[in-house]
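Take a look at the structure set out below.
The values are calculated or read from the model by the stated rules, or taken from the named source; none is laboratory data. Not measured: the values here are computed from a predicted model. Note that we place each Cβ from the backbone using ideal geometry, even for glycine, and neighbour counts take in every protein chain shown.
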Amino acid sequence: MRSAVIATLALAACGTAQPSDSGALRYDGIDTRLLDGDLVNFHVTLANAADGEAVTDYAECAAAQYALIRGYGFARHVRTQVKEEGGIWTGDAVYTISPALPRGTRTIDAEVTVADCARRAIPTV
């Protein structure tokens with residue numbers, strides 16, 4: 001069942017890619033993996049980003065939506081590694097998800113974040 005959830009989320013993310021205009025930011029997909037209980041890994045790919053901030057925003061949007069899908073209201077950022085090669089940006093991010101506001105300073109209210117992502121046209125899982 002867990003593999004089916006991962007595959008479904010990965011396939012759903014593929015459908016979020018936006019058409020590329022010359023130089024326009026392009027979201028190329030999200031791969032989601034449940035690591036252990038409430039610990040989730042997100043691999044995101046973008047093209048034409050100006051810097052790594054777009055990568056971290058994309059991963060945060062994915063984490064927030066994933067938390068809502070799993071019935072949780074919050075996420076907490078653990079770490080994000082960003083890499084750029086030939087104009088393709090990738091991010092490897094880890095978040096915890098939880099039903100209550102987690103301790104720490106890097107917490108995310110999932111509903112608020114997903115709404116902000118929609119407003120900014122950043123795709124989610």
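Condition test on LEU39, is it under 14 Å from the mean Cα position of the chain (by Cα), buried (at least 17 other Cβ atoms within 10 Å of the Cβ) and modelled with pLDDT of 95 or more? No, not satisfied. Selection of the stretch 86-120 for residues being surrounded by fewer than 12 Cβ atoms within 10 Å (Cβ to Cβ) and at pLDDT below 95 yields GLY86, GLY87, ALA100, ARG103, GLY104, THR105.
Filtering the stretch 49-76 to residues that are in contact (Cβ under 8 Å) with a residue 60 or more places away in the chain and either among the polar types (S, T, N, Q) or assigned to a strand (DSSP E or B) (or both) leaves only GLN65. ARG103 fulfils the conditions (1) within 27 Å of LEU25 (Cα to Cα); (2) among the basic types (Lys, Arg); (3) in a loop (DSSP other than H, G, I, E, B) except for a single criterion, (1). Among the residues of the stretch 32-48, the one identified as part of a strand (DSSP E or B), farther than 16 Å from VAL125 by Cα and not hydrophobic (A, V, I, L, M, F, W, C) is ASP36.
For the stretch 77-89, state whether one or more residues are of a type outside the set (D, E, K, R), in a loop (DSSP other than H, G, I, E, B) and under 19 Å from LEU35 (Cβ atoms). Don't jump to the end; show me each part of the working.
First, the residues of the stretch 77-89 that are of a type outside the set (D, E, K, R): 77-78, 80-82, 86-89.
Within this subset, residues satisfying the condition of being in a loop (DSSP other than H, G, I, E, B) are 86-87.
Still in the running and under 19 Å from LEU35 (Cβ atoms): none.
There is no residue in the stretch 77-89 that is of a type outside the set (D, E, K, R), in a loop (DSSP other than H, G, I, E, B) and under 19 Å from LEU35 (Cβ atoms).
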